[in-house]
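The values are calculated or read from the model by the stated rules, or taken from the named source; none is laboratory data. These numbers were taken from a predicted model, which means no experiment stands behind them. We place every Cβ from the backbone using ideal geometry, glycine too, and count neighbours over all the protein chains shown. Just so you know, the surface numbers come from the protein's heavy atoms only, side chains and all, with ligands and any DNA or RNA stripped out. Shrake-Rupley method; radii C 1.70, N 1.55, O 1.52, S 1.80 Å.
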Amino acid sequence: MLKIGEFSKLSRISIRMLRHYDEIGLLTPDSIDPFTGYRYYSEDQLLAAGRIAALRDMGFGLSAIGEILACGSDREALEGHLCRHRAELTALAEQTGRQLQLLDTALERLRKEEAMEYEVTLKSLPQRQVASVRMTLPSYEREGDLWSTLISETAPLGVRDTDPRLLTVTYYDGEYRETDIDAEAQKTVTAPFPDTEHVRCKTVPAVTFAAVTYRGPYSGIGEANAAVAAWVRDNGYAYDGPAFNIYHVAPPDTTDPARFVTEVCYPVRKA
């Protein structure tokens, strides 16, 4: 048997925490002297102490650790706990990564003391023939689903892009949505082709739009939107259809978000 101090040294768990574990029933002493109140642990309990320490290092809370220890030798139940916690940590890591990217961008701009200025111009596109796929997306981050569908279904048909190629995505919802986003991807093509399961060949009418070019990750594109909104207000124009983006440098071209080049476009008419 081991006194609590000896057990503390061998398990590398403080006496304060061992007493707390005892209070919540996570790791109770093997015996307590009824006269002195001294706690004694068995050598076998060092294995349980090691498991508790390992689970804490993985980020499990004490209540969850108690549930895991209660599984005993049930490997399937233990694997279920570990897999669920892994999924939670993965989601947290992705969220943290996005937050760090935003912080890095803000710090870079602050250190350079750059005031971001956007030049808004009035442009037009002529009538054009496109390959189009319109889908309901679970989130804006899943825009790539549009392109993968468009590419996979047109590749076997030998569909040829125009030179230069024009890639656009239009969002039809009248508001920002957390889920179920109505979006359409288009790329200009040289000749008609038969429709596939999801891709349509169609002619798109000419459009006049206010445009601004934004360089950098999509997380900061709101600044470009604000610049267009101010231009529309100050120049006596009104919105005339759903906004769309023209992609000049996109994820298929580079893995560095700082190199993305996106043209933010809002169809307009003179008010």
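Taken as a whole, the range 44-58 holds at least one residue that is over 15 Å from Gly5 (Cα atoms), in a helix (DSSP H, G or I) and either among the β-branched types (Val, Ile, Thr) or at pLDDT below 90 (or both).
Can you tell me which residue is farthest from Tyr266 (Cα to Cα) among those in the range 182-237 that are polar (S, T, N, Q) and in contact with a helix residue (DSSP H, G or I) (Cβ under 7 Å, 6 or more places away or on another chain)? Only one residue tops the list, namely Thr196.
Annotation note: of Ile13, Ile4, the sole residue that is open to solvent by less than 40 Å² (accessible area, probe 1.4 Å), in contact (Cβ under 8 Å) with a residue 40 or more places away in the chain and of a type in the set (Val, Ile, Thr) is Ile13. Among the residues of the range 16-41, the ones that are assigned to a helix (DSSP H, G or I), of a type in the set (Asp, Glu) and open to solvent by 80 Å² or more (accessible area, probe 1.4 Å) come to 1 in all.
Do you know which residues across the range 22-42 are under 17 Å from Ile65 (Cβ atoms) and either small (Gly, Ala, Ser) or in contact with a helix residue (DSSP H, G or I) (Cβ under 7 Å, 6 or more places away or on another chain) (or both)?
Let us first name the residues in the range 22-42 that are under 17 Å from Ile65 (Cβ atoms), namely 22-28.
Selection gives Ile24, Gly25, Leu26, Leu27, Thr28.
For every residue, the table says whether it meets (1) open to solvent by 40 Å² or more (accessible area, probe 1.4 Å); (2) modelled with pLDDT under 95.
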site: Arg177; (1), (2): yes, yes
site: Glu184; (1), (2): no, no
site: Asp195; (1), (2): yes, no
site: Phe209; (1), (2): no, no
site: Ile221; (1), (2): no, yes
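For the range 174-211, the set of residues classified as under 27 Å from Tyr237 (Cβ atoms), without any contact (Cβ under 8 Å) to a residue 60 or more places away in the chain and either in a loop (DSSP other than H, G, I, E, B) or not charged (D, E, K, R) (or both) consists of Gly174, Glu175, Tyr176, Arg177, Ile181, Ala183, Ala185, Gln186, listed by residue number.
Evaluate the following for Ser132: is it in contact (Cβ under 8 Å) with a residue 60 or more places away in the chain, open to solvent by less than 40 Å² (accessible area, probe 1.4 Å) and among the small types (Gly, Ala, Ser)? If you could, list the steps in order and put the result at the bottom.
On the way: in contact (Cβ under 8 Å) with a residue 60 or more places away in the chain: yes; open to solvent by less than 40 Å² (accessible area, probe 1.4 Å): yes; among the small types (Gly, Ala, Ser): yes.
Yes, satisfied.
Per the listing Val264, Val199, Val204, Val249, the residue uniquely β-branched (Val, Ile, Thr) and more than 23 Å from Arg142 (Cβ to Cβ) is Val204.
Looking at the structure I just gave you, is Arg86 within 28 Å of Lys3 (Cβ to Cβ), of a type in the set (D, E, K, R) and either in a helix (DSSP H, G or I) or out of contact with any Leu (no Cβ under 8 Å at 6 or more places or on another chain) (or both)? Spell out how you get there, then give the answer.
Numbers: within 28 Å of Lys3 (Cβ to Cβ): no; of a type in the set (D, E, K, R): yes; either in a helix (DSSP H, G or I) or out of contact with any Leu (no Cβ under 8 Å at 6 or more places or on another chain) (or both): yes.
Spelling it out, it is not the case that Arg86 is within 28 Å of Lys3 (Cβ to Cβ), of a type in the set (D, E, K, R) and either in a helix (DSSP H, G or I) or out of contact with any Leu (no Cβ under 8 Å at 6 or more places or on another chain) (or both).
Residues that are under 19 Å from Leu125 (Cβ atoms) and among the small types (Gly, Ala, Ser) were ranked within the range 239-271; the one that is least open to solvent (accessible area, probe 1.4 Å) is Ala250. Scanning the range 146-161 for residues that are at negative phi, open to solvent by 40 Å² or more (accessible area, probe 1.4 Å) and not in a strand (DSSP E or B) returns Trp147, Ser148, Ile151, Ser152, Ala155, Pro156, Leu157, Arg160. Close contacts from the range 46-57, counting a first residue that is over 13 Å from Leu82 (Cβ atoms) and touching a residue at least 12 places away in the same chain (Cβ under 8 Å) and a second that is of a type in the set (A, V, I, L, M, F, W, C) and open to solvent by 100 Å² or more (accessible area, probe 1.4 Å), with Cβ to Cβ under 9 Å and a gap of 6+ residues or different chains, come to Leu46/Leu10; Ala49/Leu10. Taken residue by residue, the range 215-225 has no member that is in contact with a Gly (Cβ under 7 Å, 6 or more places away or on another chain) and either of a type in the set (Val, Ile, Thr) or free of Cβ contacts under 8 Å to residues at least 40 places away in the same chain (or both).
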